[in-house]
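Here's the structure, in structure tokens; my notes come after.
Computed from the coordinates by the stated procedures, all read-outs in this text should not be read as laboratory data. Please read these numbers as outputs of a predicted model, since none were measured by experiment. Glycine gets a Cβ as well: all are built from the backbone with ideal geometry, and neighbour counts include every protein chain shown.
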Amino acid sequence: MPRVHNSLISYTGQLTRIQMALLHRRLGFSLTHLSNTVIRRHFRSRVGFALGPQGLLGGSVSHSFLSFASVSGACQAIQKLTRVRVVDNSALGNAPYHRPPKCIHVYNKTGVGKVGDKILLAIKGEKKKALIVGHKMPGPHMTPRFDSNNVVLIEDNGNPLGTRIKTPIPYILRQREGEFSKVLAIARNFV
């Protein structure tokens, strides 16, 4: 072990026994069999975290570490493979299903659906378009945040399949009344 420790000093500055133990746990193999160049190549390309005096145990972290182990939270808006809840009284939306409907496409260029975006759902073996009327992700100031990702099923021309919406929908949809006038007409209340 001192041999590897001495060969790492030129690359990392100083590597303590605690850092060696953490690296051993992280990589799953012993560092005593590796040469200095192999360790450099492995840390820069695959693992990507800094081995400097503060890199492994805290302090500054390299940019490649952020891409390797992201600390950002899960996306709570609607994207591909997101399970949603149908909140209108359409026959397809109220039918019992083993798995909740799943989003298979978002009709915008970002691929992340917010309130007012159209999506394509896989529901009971069929493909149906839907309008997002609520999601878990916090939106702009004074817009409500819901406990579930709510959608209303619509036809290809934009007419809703149901005759009533069972949950309140965000008031912000009223600003886009021209697009969603028929959906807004069947809504009972707004938040």
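Descriptive notes on the structure:
- Whole-Hz Karplus values for region 96-113 come out as x, 9, 6, 10, x, x, 10, 6, 10, 7, 10, 8, 8, 7, 8, x, 10, x Hz, taken residue by residue from phi with 6.51 cos²θ - 1.76 cosθ + 1.60 and θ = phi - 60°; glycine and proline positions read x.
- The local environment of residue 76, defined by Cβ-Cβ distances under 13 Å, has a net charge of +3 under the rule Lys, Arg +1 and Asp, Glu -1.
- Using a cut-off of 21 Å between Cα atoms, the listed pairs 129/166; 109/182; 80/128; 80/129; 124/182; 80/166 include 109/182; 124/182; 80/166 as exceeding that distance.
- Burial order of peptide ranges 113-120, 154-161, 128-135 (average beta-carbon count within 10 Å, highest first): 128-135, 113-120, 154-161
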